[in-house]
1. Any chance you could look up the accessible area of D111 with a 1.4 Å probe, heavy atoms only, rounded to 10 Å²?
2. I want the antiparallel fraction of DSSP beta bridges within the chain, as a percent rounded to 5.
3. At 7 Å along Cα-to-Cβ for each site, give me the label-to-label distance between K529 and H270 in nm.
4. Ignoring any ligand, DNA or RNA, what whole percent of the accessible area of region 333-433 comes from carbon and sulfur when the probe is 1.4 angstrom?
5. Note the full-extension length gain between S239 and K368 as 0.36 nm times their separation in residues minus their Cα-Cα distance, in nm to one decimal.
6. So how much slack lies between K229 and Y661, counting 0.36 nm per residue of separation and subtracting their Cα-Cα distance, in nm?
7. Quick check: at a probe of 1.4 Å, how many percent of the accessible area of region 116-231 sits on carbon and sulfur atoms?
8. What number comes out for accessible area per residue over region 70-211 if the probe is 1.4 Å? Units Å², please.
Amino acid sequence: MNKFLTLLALVFLLSKASLAQSVVSFKSLGHNDDAIYGMSGASSFYVKISPLVEMNGSKLVLYFEPSQALLKDHSFINIIINDRPVYSARLAKDSIQKVSLNLSREDLSTDKFLKIQVKTLLTISDDICKDLDNPAMWLKVKDYSYLSLVRNNKTGLNDVNISNCFDSKRAIVYPAEPSLHDLKAVAWAYARLKKTSNKKIMVFEAGQVPDSIKNYIQVGSLSILPEDKRSLIKVSPQSNEGIFYLAKSMSTATDTVTQMVSERGVMVAHKSVSTESVPSEILFVSGGDDAGYEKAITALGNINILNSTFGDYLLIDQAQNSYFKNVDENRSKLSLKQIGGTSDFLSGIGSLKSAFTFKNSDFNFTPKEVEIRFIGNYSGLSPGDRGYFNIYLNGLLISSEKLDASGKLNTSVTINRYQHHKYNTLESEFRFFPTNGLCKNSFINFFGEVDVDKSYLESKNPFISNDLSFYQYPEAFNTGTTRIVVSKDYAKYAAGAIGEIIYELNNNINANNFPEFSYSSDIPAGDLKKYNIIALLNKEDPLLNQFPDAPIKFNQNFRLYNTDNNKVVYSLSDTTSNGLAQIFYGRSNNATLVLTATGSHISDAFLAASRSITEQLSTLSSNVCVTDVNSNKYLFNINKTSENLEYVDTKSAITKFWENYNLYILLGILVLILLSFLFVRSRVQRSQELYND
């Protein structure tokens, strides 16, 4: 079985001056122990190498753990770097084995990636037919394998330019009182960085950047940049002209290093002072005026401009994003190649798999049904051979077809909305078993290949519902123009959340969603019907009253109940930092998404809400999301007739008093009734006694 696990990761260095090297483990790249299964298997790793690295003298150290059941002297491991074999050997008897390889400049691809492939040929018995599909055939590449990378002392920062500087940046700095231009710049810079890597991106106000952050993007008009930052820009843009400027320098940083040292068998912490030489890079996105600044922001969304800028600065006279529109905007039919699939020539017997991934947002609309068609070729079956072509979606078998002597594959299956998710894994499998007795001669005879250019996914019908849900986000905003609306007093808190939203709106094979931006106080009421609306608002913003179709009125205190036991599952509180999101159709059937935040950590709450609604959701009908800064989230399906929603503010003082003290009141009434009964009874007894006397 061939297995390809591709890891796209970035290596960026904070190199020690004394050692001039950096050790980067596979685990730090987001890669845990990776198991390779089957007689013949493979795993591939793609590591982006910083221009600050000198490959000559760097090393790759791999640790791997073979299955205890293997015949070690009949099993082999092969390591291939940049498509060239560099190491092949039989497995040793050690439980954990190590391979150390020297790297060179020839090991890098032209786009500065280090491609590492580990291929195995494993054996458990002397009969390879018995080894077929044996689950004990595996080898693990350990997560403490590492790269020891040497810093480039000759060229230093000279090889760093605008085209490759994004790979190492994980922070964005914006003015303390951001304008709409600043918010848009942060959003597009955020989206650009997130496309580069899945690592956390930090957003800071100017003046609040930690000293440890020395590599970031700073946005803002030239006139409002701090003086110490403006002085770093050695080129002055003219009026109506935008600019990218990369300021580079080396600086020293002092830190305390703790090392564990064995003293008489006891590990003791030894602290020492370490001085590091670290690169400092600031990419400025600015302009001579607002018009020039807007051009720089537009260029920030154009990946072609960024990837072809090999200098330290770029002056922008003209910028447009219309080039995105020339790709099939309908996007109802996608080839497997369009979603990132590659043709794999598979040979052998047993299970031969290829994997593909796709998202609902790759289509122009949320699909109700998707036709999955595979076209390809395979070696025709001989009489007595058994062969099948299987299709798996998200780990479930959805189709199986017998292979025959024709050698031509053309099969399809249609899935409904309950079978596919927001994010999907699609697997194709050739499964071949030869005639009894011919196993050993059939390993090289059977082959199969899926044609990724001709195979396709086709959305048959759009998923249409009376109520919009998070399942349809972000595809619901693909049609028409989207406007992002933000409360002016909350603009400084919404920058990171807007970045997440811009990323999701363009996280598909044809990124072409460029929303307009406006303050909530400046948007005419009529525009709420003309555009798709994404609003990030203060809980007290009057604009919240302009959404009569919203499932919940966020500007009122409310409670949500469990309809089964009538217990409160959520109650809005201003003292807790919560992010609230709801999605619905506006009055003109336009998609509308409203987010707000409460508590003292407003930025984190906004960011938590924007992330929670993009995750893999299991329900088709959730339209309200409540999340906190600790990433705990709650999903609800709310409509105007829901019995599990209650507004606290709409109750009269008498009603609130009754709800709060009804038990005490009832208890008091019960006590009064009992006392009255006892009083009457005592009077009756006394009267009887007087009568008897």
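The values are calculated or read from the model by the stated rules, or taken from the named source; none is laboratory data. No experiment lies behind these values; they were computed from the predicted model shown. Methodologically, a virtual Cβ is constructed for each residue, glycine included, from the backbone with ideal geometry; neighbour enumeration extends over all protein chains shown. Side chains included, ligands, DNA and RNA excluded: accessible areas come from the protein's heavy atoms. Shrake-Rupley method; radii C 1.70, N 1.55, O 1.52, S 1.80 Å.
1. Its accessible surface works out to 80 Å², give or take rounding.
2. Around 85 percent antiparallel, to the nearest 5.
3. Each label point lies 7 Å from its Cα, and together they span 7.7 nm.
4. 46
5. Gain in length upon complete extension: 41.4 nm.
6. 149.4 nm
7. After summing per-atom areas, the C and S share lands at 50 percent.
8. For region 70-211, the solvent-accessible area averages 46 Å² per residue.
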